[in-house]
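Note sheet for the following structure.
Just so you know, all these numbers are worked out from the coordinates, no wet-lab data involved. In this text the structure is predicted, and so the values were computed from the model without any measurement. Here the Cβ is made from the backbone with ideal geometry for all residues, glycine too, and neighbour counts use every protein chain on show.
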Amino acid sequence: MNKFFPLIIGASAIVSATYCQQESALGAKDYEHAESFMSYSTAQLIDHGSVRPNWIAGDRFWYRDLNGKGSEFILVDPATGKQSSPFDHQKLASSLSATTGKSYDGAHLPFMSFSFSGDGKSINFQAAGKQWKCDLQNYECTADASGSKAGNNKMNNTDVVSPDGKRAAFIKDYNLWVRDIATNQLTQLTTDGIKDYGYSTDNAGWKGSDAAILLWSPDSKKIATFKQDQRNVSDMYLVTTNVGKPTLKSWKYPLPGDKEIITIQRLVINVDTPKIILIQSAPDPHRATLSDDISSGGTLDDVDWKEDGSELAFVSTSRDHKQEKIRIADASTGAVREVFEETVATQYESGQGSINWRYL
């Protein structure tokens, strides 16, 4: 045996013991103290710190404002600059308190997000472990047993319900289908989808699901989505850690330096009479202005319909996130016009947790 080997072992043991002693000196209170400086702990101490817009019909948006009394939801009309309250906070709190048996007040409502119904006369939100619907005329709040809302929302983990609540889009055999919710009748919208070259696929490499990634038009007659090409992308393999034989899992996942990455060919689909309109631009990298995932928010990011469904605005993001191209497509022909382009030296990122642009 090499005479220096025992010395190395001994030195390693001393270093390891010293490291463990230093590490063990940190207790739970030390970590709790460090965590108190994280953004989710400090944000509540800053009044009027940020505006995260949630866009609604009429080119308006609402946001949640933190103040010295608690929080408040504010409705904004950018065209006029007018701000108002989207609902009576105290009436809603009183109604919800009476219904749930818990005590709430207008400055401390038990939800941070909500959505308007199609007619704007009620809101939906989650609180106390349930989905709720509150009528803004009489402020009667009732538990919503369906657990879903009409719009570009998940009916379950895979389907996306149309804004009129009549149809749900989903993926089957790499193609896109719609289901009539009332009759359960199925209609196939695409026919040429194949493995690794399918429609509305949810695979960012580092995350994915069987959900359909798309955005319904406001009139529920069109769908904005894409055909995802990952045929030449390298495979990623993992094995599960469990008692007994492990399970091998594989999926397409490009790594830094790989020449081939996942790309998307954008398109619009007419639903009533199925027809595909290809957006006349080169395939985009599977990227969004928020992250490497085109569906960070759970639906198709960086696309927005004109209110009448005639045009679709979208952003093309470069692989390195340094270049953004704002484009508008004619939904009936696929013709694209360039609006503007932005290039940064580092990396462009849109918003915090949600896309922060909208086509007005």
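Candidate cross-link partners of residue 121 among the lysines, defined by an alpha-carbon separation under 21 Å and a same-chain spacing of 8 or more, comprise 82, 91, 130, 133, 149, 166.
From the cross-link list 172/195; 227/275; 29/69; 172/227; 195/252, which pairs have alpha carbons spaced over 18 Å apart? Could you put the intermediate results ahead of the total?
Details: 172/195 11 Å; 227/275 14 Å; 29/69 29 Å; 172/227 14 Å; 195/252 11 Å.
Flagged as over cut-off: 29/69.
Going out from 0 in 10 Å bins, what whole percent of all Cα-Cα distances in segment 274-338 drops into each bin? Using 10 Å bins, I get a P(r) of 22, 51, 26, 1 for segment 274-338. Look at the alpha carbon pairs under 8 Å that are at least 6 residues apart: their mean separation over the length of the chain gives a relative contact order of 8 percent. Over segment 298-355, Cα pairs under 8 Å with separation of 6+ residues give a relative contact order of 26 percent.
Of all aspartates and glutamates in the structure, those lying under 17 Å Cα to Cα from residue 207, and not within fewer than 8 positions of it along the same chain, are 196, 229, 235, 292, 293, 301.
Expressed as a fraction of 2.2 N^0.38 Å, the C-alpha radius of gyration for segment 167-275 is 1.26. Near residue 221, once Lys and Arg are set to +1 and Asp and Glu to -1 for all other residues with Cβ below 12 Å from its Cβ, the sum equals 0. The equivalent ellipsoid of the chain has semi-axes of 39, 34, 22 Å, largest first, where each one is the square root of 5 times an eigenvalue of the Cα gyration tensor.
Once every DSSP H run of n ≥ 4 in the chain is given -39500 (n - 2.57) and the sum is divided by its residues, what mean residue ellipticity at 222 nm do you get, rounded to the nearest 500 deg cm²/dmol?
Numbers: 4 runs with 44 residues, N = 360.
After summing the helix terms and dividing by residue count, I get -3500 deg cm²/dmol.
Our summary gives segment 238-310 a relative contact order of 16 percent, counting only alpha carbon pairs under 8 angstrom and 6 or more residues apart.
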